[in-house]
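The values are calculated or read from the model by the stated rules, or taken from the named source; none is laboratory data. Just so it is clear, the model here is predicted, and its values are computed rather than measured. Because the Cβ atoms are built from the backbone with ideal geometry, glycine has one as well, and the counts that use them run over all protein chains shown. Only protein heavy atoms, including side chains, enter the accessible area calculation; ligands, DNA and RNA are left aside. Shrake-Rupley method; radii C 1.70, N 1.55, O 1.52, S 1.80 Å.
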Amino acid sequence: MSQHNERSDEELINAVDASHREVSRIQRELLSLIAEVDRRSLWRGSGARDMAHWLAMRHGISQWKARRWISAAHALEHLTDLEHAFFSGELGIDKVVELTRFATFESEAGLIAWAKYVSCAAVRRKADLEVRRAIDDVRQAERSRFLNWWHVDDGDRLGLEGELPAAQGAIVVRALQRVADTLPLMPGEEDSSYADARRADALVAVCSNRIAHDADPDRATVVVHARLGDLVSTDGSAEIEGGGRLHPETARRLLCDARMQIVLEDEHGEPVRLGRLSREPSPAMMRQLRYRDVECRFPGCGSRRFTQAHHVVWWGDGGSTDLDNLVLVCFFHHRLVHEHGWTMERSQDGGVRWFRPDGSRHVSPRSVGPVRPGSSGSRVGAMARAGPLGPT
């Protein structure tokens, strides 16, 4: 018999209230710790793209909730009345998180008194209205739109200049910022002063993804001309058809980022070989890959948007484009492999093992991605146990 059955109704209710106060105290301590982890950037090197990603993977919460918790954790350091109401259990975490979105030092006392007697949905609606009002205030009148580009430095760089109506510009900014937030920090570019460089990377990523999925291979192919031996050397150069020069290493990286065709030439500039036009799986193969892997195969990531087919044995190294050599990864973890030295292995049972740049195996504290019934991390595990995957 449970010990709770021995309590009276009033004692049981009081015990629930006391437990809630204790939970609120612990949750306040948790948010305080989260703020400090974020300040120290302890998520770096863990395979996460940012603090929210780290928190979601480590503790199995949604990234939406993780971002709200992180924002609330920092805001509570300056909202002392709200912090006390939370610590004492006067307000629960859901209402506190919503209030921190718009509360100020001057308004928090009144908001606490109001929030105690309304639903959490009412608090969230007020927060949404307050935030939306701030966004509306910054919208400006539309201007004439244009976009120009030109080559500079003898083709080594491309200059861009443009202007958009505010509403359209907000779409571009949001899209680029969303992509920029998923990009790994390049070594030496951890400082916020490199935000412009990350936005430039985001623009390239968006355009690369668009080219890679264009159904017209003739119009959507980036053609690069290279001399024999340049693509396997550390010197020399390659040239983009239509303008612009490339270092061989850049050309090798682009082979995984966009639809590209290499035209190999002899020392006189005469074409001697046309490279393969596309490394991409067919649409039917991509459907099967997404059905099999469901989501990014990095432990605990769970991302289903902006996922890409990664060649376990790189396509540039002769890896085949078939299911046995493909793994579904999100844009961020694809960059970890190609630009930050991470590696992966795929076992016969369908499991994927990830290794850090130093060769040590990455082991997630828990796997939090959605797993369909009958699978072991993805459908491929169950399929491998049942028999071969079949011809690819």
Review point. Which order do HIS20, HIS362, HIS78 take when ranked by solvent-accessible area (1.4 Å probe, heavy atoms of all protein chains), largest first?
Key: HIS78, HIS20, HIS362
Revision key, fill the gap. To the nearest Å², the heavy-atom accessible area per residue of segment 1-98 with 1.4 Å probe amounts to 57 Å²
Review point. To the nearest 10 square angstrom, how much accessible area does PHE332 have with a 1.4 angstrom probe?
Key: 10 Å²
Practice item. Whenever you get a sec, line up ARG356, ARG28, ARG124 from highest to lowest accessible area (probe 1.4 Å, protein heavy atoms). Key: ARG124, ARG356, ARG28
Check your understanding: Check GLY302: other-chain or 5+ apart residues with amide H under 5 Å from its amide H, H built from backbone geometry?
Key -> CYS296
**Study point:** Net charge, ALA122 excluded, C-beta distance under 10 Å - Lys, Arg +1, Asp, Glu -1
**Key:** +3
Review point. Over segment 26-126, what relative contact order in percent results from Cα pairs under 8 Å that are six or more residues apart?
Key: 22 percent
